[in-house]
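Derivation of every value follows stated rules applied to the coordinates shown; laboratory data play no part. Please read these numbers as outputs of a predicted model, since none were measured by experiment. Backbone-built Cβ (ideal geometry, glycine too); neighbour counts: all protein chains shown.
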Amino acid sequence: MYRLRAKERVVKAMYRDDIVALSTPPGESGVGIVRMSGPDVIQKAAQIFQPYNPETDITKKAGYTLTLGWILDAHGEAVDEVLLTVMRAPRSYTGEDVVEINCHGGLLPIERCLQRCMDAGARIAEPGEFTRRAFLNGRLSLDQAEAVIDIIRARSDRGLKLAMQQLQGKLSEYLEKLEERLIYANALVEASIDFPDEVGDPDYEELRQVLQESQESVERFLAAGERGELYRQGIKLAICGKPNVGKSSLLNLLIGKDKAIVTDIPGTTRDVIDEIITIRGIPVQIMDTAGIRETEDLVEKIGVRRSRETIEQADVVIFLLDVSTGITEEDREIYASIDQERLIVLVNKEDLEDKEISAQELEENFGLLRVIRGSVKEETGLDELEQCIEAMVLEKSGSDEGMEIMTTLRQKEALLRSRDFIVSALQSLEQVPLECLSVDIHGAVEALGEITGKSFHEEVLDRIFQEFCIGK
Amino acid sequence: MIYEAGKYDVIVIGAGHAGCEAALAAARMGVQTLLITLNIDTIALMPCNPSIGGPAKAQLVREIDALGGEMGIMIDKANIQIRMINTAKGPAVQALRAQIDKKEYQKEMTKTLLDQENLDLLMGEAVAVETDDRGVSAIITRTGARFECGAVVITSGTYLQGRIIIGDVVYDGGPGNQYPATELSQSLKKLGLSMGRFKTGTPPRIDRKSVDFSKMIEQPGDEEPYCFSFMSDPPDREQLSCWLTHSTTETHAIVRANLDRAPMFTGVIQGKGPRYCPSFEDKVVHFANRDAHQLFIEPEGRDTDEMYIQGLNTSLPEDVQVQVLYSIPGLENVKMIRTGYAIEYDYVVPSQLKPSLECMKVEGLFTAGQINGTSGYEEAAAQGLIAGINAALKVKGQPPFTLLRSESYIGVLIDDLITKELHEPYRLLTSRAEYRLLLRQDNADLRLTEKGREIGLVSDERWNRFLAKKSKIEALRNTLQQLTVTPADDTISKFLRARKSAPIRDRISLWELLRRPEVKIENFVELDYIDQYEKEILDQVEIQAKYEGYINKQREQVQRFEKLENKPIPEDINYQDVYGLSSEAKQNLQEIRPVSIGQASRIGGVSPADISVLLIYLEKKRRNYEHEYGN
């Protein structure tokens, strides 16, 4: 007779781990909710969250309460200002303890916030997992069950399709190479363990070489993934320069040119408005535009502190010069305060006839920086500027080898785990018995399997029989 | 004419390594048992290699022993050489391997069977299994005897429709020119079981007196006398050596020149053979760049001159086999005693079995050993033991006995067999076990003897021995964890200096100190910190201390694993009713009928999304049930 022990929520006991996901669609808006669910999520949230009021302890908060504060990075610096909601089991969507983090700071902070939850030990949820838990914990009714299945099927099938598409690209050869190397390393070890008479001890030099190649391969993947991430997450751009140099005009020009895909998201707890545009396919968040929009002498007064912060966070900073005034002491001061690697100098108002900034002057003051001449008013130099931004961004994320992949956080997590196993294997090579080494090498293979969806157990065996003459 | 010959609780068909374990287990559990075999003179025959053990296989034997099975005790009585291999590769993969006196082994096992209470032996050929509406009801022999029974265990090895192949010579036969079983296969097909065909092979045997050992490398046994059984004490007996030689380019040329007469390549052999045990001609073809392959010359027994050539299994024509032998260093003048051959046989597709090894289609019918598509004496014995236990439990009306992948190699073996698609004869390997570090041969008793006791297979003597060992291990562990040393302790400081080990900085327990690779547990005995214990106690505790980190890591993995294993799927589930499963998953689940969510997740074509769907379906059913019948 079918019966799970009644009254006992057997299924509930299965979910001992904490999951996290972005619960708003990524990429389209600057606000987002990061949701965690599981037995330990409130503790986890407490590790990465600093309430405004230092006396507040979110682990003691009642269900359905809001707390204002910051998500902190690993060094204790604020990643984003957020509103945090605590919901206690069983009164939550999933029926477990749930923490929702409302981020305001745009795409990057949302992703970072997600990353911080993972740092605290939550794992990325599977497709439909929140809903599945909700159902299994009795929070959804029976007639909703089918809807849940549709969600799971739709999302995971789509995910699979995307993954397959990705694997069919140029990329597949890199991935295959990596797979091949790791499986070979695994086979070297396992063959020696299971067939000691025929295979003997593994050649450690060969093993080291194979593992090193695998590590390089994983690193390349991660780097390529970061480039892909750039296209997904975008960069931050700041505009600076002395008053009246044309900052707002440049901003309006950039936005106006791209109006169709501009999103205006008024922050709910702050006065800043961020503009997100795309430049050559790269999402660009223009920072602290509120400040620029204020009257220019106000900017002067609100002062240095605020623009400093903005500039420090930016990936690219456009520094505007005014041809009509020439290079002033003020320009030099601003210039001195900015990290040169991120800087593009835009010499504005080239349309004015009395040019006062010569190439020699620029070189004397700014060395070999990227310098563009143009006119915001006449809309000249804009193409050059965009090209320059793109080049800087791509250069920063490593050279382009034709590898352009969008790694999801889950894939990145698996790749990192695989790399850690490989590194650990390399460190313990010849230090530990073969079977302990195998724990690491097999771990690396299995982590990779999470990306490709393959189970490599059989493939390792296939490789042993193919490579070694086994059999007595 | 059929006559009524009697009534038994359990009937075991076949007295090979699976059948012997099955019959002994059932009888020891107190049910009336009959063991039928084609030939009483070939009980526990070893028709292939004269050795037992090696990686994964030794662990199996230790598990069989820990549960109260017989194989380990037999090996200890009948071995002529014993070695511990893989010693440098870690405690979990090191493995005992014994060379066996084949005749001695048969003699000891036959005696054990005859002495066993509740067990009858009968020579005969089972030709049919009868069923009624409750499942298995009787078996019938070729000579017309009809035995009623509650359960049947078929352990027919490679005898079902056995066919021997030597070059172009092909004839019906079981291993070693035994009589094949020609009718039982048909009877099983009639019961609805789906059958497949596999191939395996064995090398020629030669006369010791014609071998020139001066051209070979001697392989003696270990000085230290090891035992397979937790019940045996190290024997004092002379060990015989094996010898290592190799094939030559001349050998390979002979093989290549005769491939047109090799049944492996001419299409005569249809059955699929094992990759881990390829024929010699296969090796020559697939590893064409190699000039030599290792060959081990092993004695078949203490009182015989017959020797086995490990590595030379072949179905080449007899005249070619002789030429091949002459081309091998040391065998230039050899006399061949038996010809190598390939054998094809029927097997039952094992995905039709439950974890208890009972057929899903026929209640009370169990299969074990090579009939399930495995190879190896050890794999056979392990399945025989489990099938015998479950046949006895079945007639007693008790729930089946099964083991998880996380607690034993037996669990890995059976789960693989019933869950995965089989493409070749199955051999157990340590790399098939996910939790290898936990499944060591040294702790098989700690893992399984309590379970063996519960089902009634562990004798009082074994039980008391086990309890004594366990309490000593506990005591030693406690001592090591409680005893601490400080930098001021001269004895330890001197000792560490002598070992070139870093000095200690703070108070540290001996347990922690033992984690250092250069510190051995014997050192603590020598330094008088702890008492002298038996070697197996010292070894056990040392392994627990030295590998604690890795072991704990695997324990955590096991906890996650077991959550899904302990989530049952009802037997009567109809996968056609489960909305949202992919069609491939539906088909495979319907066929394999997993007992738990964990097993379901290991079936090919079943994705994580399918598992979610299944979980939701089960929860829905549970709620419907609660709704209907209350809590």
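Might you report the magnitude of the Cβ-based charge dipole of region B:205-341 about its Cα centre, with Lys and Arg at +1 and Asp and Glu at -1, to the nearest 20 debye? Don't skip to the end; give the middle numbers.
Details: 14 positive and 22 negative charges, 145 e Å.
The dipole magnitude comes to about 700 debye.
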Given the candidates B:Leu457, B:Thr430, B:Ser406, the one whose Cα lies deepest towards the positive end of the charge dipole of region B:405-462, counting +1 at each Lys or Arg C-beta and -1 at each Asp or Glu C-beta, is B:Thr430
Yeah, chain B with a ≥ b ≥ c from its alpha-carbon gyration tensor (a/c under 1.5 is rounded, else prolate when a/b outruns b/c, oblate otherwise) is oblate
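Return the FRET efficiency for the residue pair B:Glu584, B:Ala502: r is the Cβ-Cβ distance, R0 is 51 Å, and the value is rounded to the nearest 0.05. Walk me through the intermediate numbers first.
Values: r = 57 Å, r/R0 = 1.12.
Calculated transfer efficiency: 0.35.
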Toy charge model, Lys and Arg Cβ at +1, Asp and Glu Cβ at -1: the protein assembly as shown dipole around Cα centroid in debye, rounded to 20, equals 3340 debye
Diffing region B:226-236: the Karplus 3J(HN,Hα) column from phi (6.51, -1.76, 1.60, θ = phi - 60°), in whole Hz with x for Gly and Pro, holds 8, 10, 7, 8, 5, 8, 8, 9, x, x, 10
Here region B:46-62 yields Karplus 3J(HN,Hα) values (6.51, -1.76, 1.60; θ = phi - 60°; whole Hz; Gly and Pro given as x) of 10, x, 10, 5, x, 9, 10, x, x, x, 6, 6, 5, 4, 4, 4, 5
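Size of the dipole of region B:27-158 about the Cα centre, Lys and Arg at +1 and Asp and Glu at -1 on the beta carbon, nothing else charged, in debye to 20? Mind showing how you got there, number by number?
On the way: 14 positive and 16 negative charges, 142 e Å.
Computed about the Cα centre, the dipole is about 680 debye.
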Expected unfolding gain across A:Val423-A:Asp383 under the 0.36 nm per residue rule, minus the alpha-carbon gap, is 10.0 nm
Within region B:186-285, DSSP-loop GluC sites (Glu not before Pro) with at most 13 other C-beta atoms within 10 Å are B:Glu223, B:Glu238
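Quick one: length gained pulling B:Glu518 to B:Ser232 fully straight, 0.36 nm per residue minus the C-alpha distance?
On the way: separation 286, 0.36 × 286 = 102.96 nm, distance 3.14 nm.
Difference between extended and current length: 99.8 nm.
Filter the GluC sites (Glu not before Pro) in region B:15-79 down to the DSSP loop ones having no more than 10 other Cβ atoms within 10 Å, then list what survives. Can you show the working numbers first?
Values: sites: B:Glu21, B:Glu63, B:Glu70; in loops: B:Glu70.
Passing both the DSSP loop test and the Cβ count: no residue.
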Between the residues A:Ile42, A:Val423, A:Ala21, the Cα farthest towards the positive end of the dipole of the protein assembly as shown, that dipole coming from +1 and -1 charges on the beta-carbon of Lys, Arg, Asp and Glu, is from A:Ile42
Fraction of alpha-carbon pairs in region B:567-629 farther than 16 Å apart, rounded to whole percent, equals 38 percent
Scalar couplings 3J(HN,Hα) for region B:356-363 by Karplus 6.51 cos²θ - 1.76 cosθ + 1.60 (θ = phi - 60°), nearest whole Hz, x for Gly and Pro, are 7, 6, 7, 5, 5, 7, 10, 5
Amide H contacts under 5 Å for B:Leu483, restricted to residues at least 5 apart in sequence or on another chain and with H modeled in the peptide plane, are B:Leu510
Gyration tensor on Cα atoms of the protein assembly as shown, a ≥ b ≥ c root eigenvalues, a/c under 1.5 rounded, else prolate if a/b beats b/c, else oblate, says prolate
The simple spin-label model distance between A:Glu219 and A:Thr278, using points 7 Å out along Cα→Cβ, in nm, is 3.3 nm
Rounded to the nearest Å, the spacing of the alpha-carbon centers of region B:414-490 and region B:219-273 is 30 Å
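Once you order the gyration tensor axes a ≥ b ≥ c over the Cα atoms, which shape class does region B:464-559 get: rounded for a/c under 1.5, otherwise prolate or oblate by comparing a/b with b/c?
Numbers: a/c = 2.18, a/b = 1.38, b/c = 1.58.
It comes out oblate by the Cα gyration axes.
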Residues whose built amide H sits under 5 Å from the amide H of B:Thr374, excluding neighbours closer than 5 in sequence, are B:Tyr426
Residues of region B:516-545 with backbone N under 12 Å of the label point set 7 Å from the Cα of B:Gln481 along Cα→Cβ are B:545
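Between A:Lys60 and A:Glu330, what FRET efficiency comes out of the Förster formula 1/(1 + (r/R0)^6) with R0 = 56 Å and r the beta carbon distance, rounded to 0.05?
Details: r = 51 Å, r/R0 = 0.92.
Calculated value: 0.65.
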The distance between the Cα centres of region B:521-578 and region B:70-131, in whole Å, is 27 Å
Simple SL model, points at 7 angstrom along Cα→Cβ for B:Leu191 and B:Arg465; separation in nm is 3.5 nm
Projecting the Cα atoms of B:Leu446, B:Ala88, A:Asn244 onto the charge dipole of the protein assembly as shown, where Lys and Arg contribute +1 and Asp and Glu -1 at Cβ, the residue farthest towards the positive end is B:Leu446
Counting only residues 5 or more apart in sequence or on a different chain, those whose built amide H sits under 5 Å from that of B:Val12 are B:Leu34, B:Leu35, B:Ile36, B:Val153
